[in-house]
Amino acid sequence: MTRHPDRFTLAPDLEISRLLVGLWQIADMEKDGRVLDHPALARDMKAYADAGFDTFDMADHYGSAEIIAGHYRDITRAGVIATKWCPTPGAMTPEVVRAAVERARERLKVEKIDLLQFHWWMFQHPGWIDAMKELARLKTQGIIGHLGTTNFDTDHLRLLHDHGIPLVTNQVCFSLLDRRAAGPMSEFCAKSGVRLLAYGTLAGGLLTEKWLGRTSPKDTQNWSLMKYLRFVEAIGGWDVLQGILAAADSIARKHKVSIGNVATRWVLEQKAVAGIIIGARLGEREHRADNLKIFDFALDAEDHSQLDAALAEAKPIGGDCGDEYRKPPFLTASGDLSHHLASFPKVYAAQAVPDRPSRLRIDTGSIWEPLAGYSRAVRVKDRIMVSGTTATHGAGELIAPGSPASQTVYILDKIRASIEALGGTLEDVVRTRVYLRDQSAWEEVSKVHGRVFGHIRPANTLLEIGALIGKYDVEIEAEAIVEE
């Protein structure tokens, strides 16, 4: 094999293969207690690298993937190692963050992690800001080469960018079935320089010849299929998938490639995409020769027209990238994740008000709450009132200075956490009031408000307040009535 995958430069010192080797299947290979031969699988990694597939993607929870990569590092220093850290939401102290990075370095046997990607389950918990700030500090110390995120939506990715966190990538689902990343996410990438690493491009194998003209599987224990069958249902069902497969098959026969090649090429040609992650079952099977064919052709106008006609029959998957892990419909292998998310501790602790048995309150640790004598939020019977809230993080740090939109994102997360601590949800909100320093920011702020409350539609007031205290651009208050 002399042909190698094309390459992409993410940074002056970080060049990757445009086809990354994903090692998530290591965890599946180890299920039921199976013990893998780590040195042997490391040699399989080297075979991939020798063929030009020298960029590997893994995570702290992909079984022993990082350990196998460490054995790979024993036999070669070539290639790029990208791993992910997916912590349970909680206090992200410098010690917690440093311990996670050191654990990854030890397993990978590297002085510097080439690309560390961060996943966070619930943005209403502000620990993700602390984690990213500390990771950025460790980057300046040289033990992390570059930072990325995983399954971040556009608003929260923009917030990090506006807060000065240096990012090169965001890893998201992107396929002919799931085109969310082609919208606002790609627009943000064009402006910021952040690039996408795409997974799920073959939809667990559904976007291949195997399923062309077939009936939908009725019973499967394949977790990947279970996940992407939910995507099929979301776009309109099995017949819609068959329409997409038929169009891809026509294009594939024209270019003498596979349906999978067409599906992969479509994603690779999206302007924001730096690379595509293709899963590998090390030691069992490999498809390097077939995958390389995606670089032997390009989709022309006629091809795009054919695909567009088939995609027009599909319902767009709603929301933004990563929403499937945080809100209904939960398009994951496990399905509904609400119990998993509910198992995380509340961000703030509700406190009883002395001599007021029907009243609860919360504090967030802001320096202003005890100084001015107020609570972040108060609940009286079924009513929750949230004080005017700014993008104040921790003891007084302003989030995203000069960015009203990103401040609004942080504020609404904080309001959500406050309401949830008192037993309510965002769906219980009946009134919001938004105060702006400069009315010219009304549209960007309103669009963020709409993405959060568009399905709830509380009463709302929007005001310009020229004397908004401090350097804040936005302040928001909210009221909720908790219904049984």
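The values are calculated or read from the model by the stated rules, or taken from the named source; none is laboratory data. Here the structure is a predicted model, which is why all the values come from computation and not from measurement. We place every Cβ from the backbone using ideal geometry, glycine too, and count neighbours over all the protein chains shown. Protein only, heavy atoms only, side chains kept; ligands, DNA and RNA dropped before computing areas. Shrake-Rupley method; radii C 1.70, N 1.55, O 1.52, S 1.80 Å.
Throw me the Rg/Rh for region 68-133, computed over C-alpha atoms with Kirkwood Rh, two decimals. The partial results should precede the final answer.
Values: Rg = 13.4 Å, Rh = 12.9 Å.
Over the Cα atoms of region 68-133, Rg/Rh equals 1.04.
Where does each of 455-462, 256-263, 185-192 land if you order them by average Cβ count within 10 Å, highest first?
256-263, 185-192, 455-462
As an exercise, use a Förster radius of 56 Å and the Cβ-Cβ distance of residue 215 and residue 353 to find the FRET efficiency, rounded to the nearest 0.05.
Result of the calculation: an efficiency of 0.40.
With a 1.4 Å probe and every protein chain left in place, work out the accessible area per residue of region 374-451 in Å², rounded to a whole number.
Per-residue accessible area for region 374-451 comes out at 38 Å².
What is the angle, in °, between the Cα long axis of helix 223-235 and the longest principal axis of the Cα atoms in the chain? Nearest 10 is fine, range 0 to 90.
The answer is roughly 70 degrees.
Extension gain residue 249-residue 295, at 0.36 nm per residue separation less the Cα-Cα distance, in nm?
Full-extension gain reported as 14.8 nm.
Regarding the chain, what's the average projected area of the Cα-atom convex hull, expressed in nm²?
With the hull built on Cα positions only, its mean projection is 25.0 nm².
I'd like to compare 198-207, 234-243: which one has the highest average count of other Cβ atoms within 10 Å, and what's the full order after that?
Ranking the peptides 198-207, 234-243 by packing returns 198-207, 234-243.
Please report the relative contact order for region 323-363, taking Cα pairs under 8 Å with a sequence separation of at least 6, and give it as a percent rounded to a whole number.
Result for region 323-363 is 23 percent.
Would you mind listing how long region 346-417 runs along its three principal axes, going by Cα atoms, in whole Å with the largest first?
Taking max minus min along each principal axis of the Cα atoms, region 346-417 gives 42, 25, 19 Å.
Only helical DSSP H runs with n ≥ 4 go in: add -39500 (n - 2.57) per run for the chain, normalise by residue count and round the 222 nm mean residue ellipticity to 500 deg cm²/dmol.
Calculated at 222 nm, the ellipticity per residue is -11000 deg cm²/dmol.
Can you work out the FRET efficiency for the pair residue 11 and residue 61, with r the C-beta to C-beta distance and R0 = 35 Å, to the nearest 0.05?
Efficiency for this residue pair is about 0.85.
Within region 213-297, list the GluC sites (Glu not before Pro) lying in a DSSP loop whose Cβ has at most 14 other Cβ atoms in a 10 Å radius. Could the numbers behind the result be given before it?
Values: sites: 233, 269, 284, 286; in loops: 269, 284, 286.
Here the GluC sites (Glu not before Pro) that fit, given the DSSP loop and packing criteria, are 269, 284.
With an 8 Å cut-off on Cα pairs and a minimum separation of 6 or more residues, tell me the relative contact order of region 22-172 in percent.
The value is 19 percent.
Mind pulling the angle between the C-alpha long axis of helix 301-311 and the longest principal axis of the chain? Nearest 10 degrees, somewhere in 0 to 90.
The angle comes out near 60 degrees.
Please report how far the C-alpha centroid of region 25-63 lies from that of region 112-147, rounded to the nearest whole angstrom.
So the two Cα centres are separated by 24 Å.
Using Cα pairs under 8 angstrom and six or more residues apart, how large is the relative contact order of region 194-287, in percent? Don't skip to the end; give the middle numbers.
On the way: 82 pairs, mean separation 41.0, N = 94.
With pairs under 8 Å counted, the relative contact order is 44 percent.
Gap in Å between the Cα centre of region 276-344 and the Cα centre of region 173-216?
So the two Cα centres are separated by 4 Å.
Mind checking the angle between helix 38-50 and the chain's longest principal axis? C-alpha axes, 0 to 90 degrees, to the nearest 10.
Once rounded, one gets 80 degrees.
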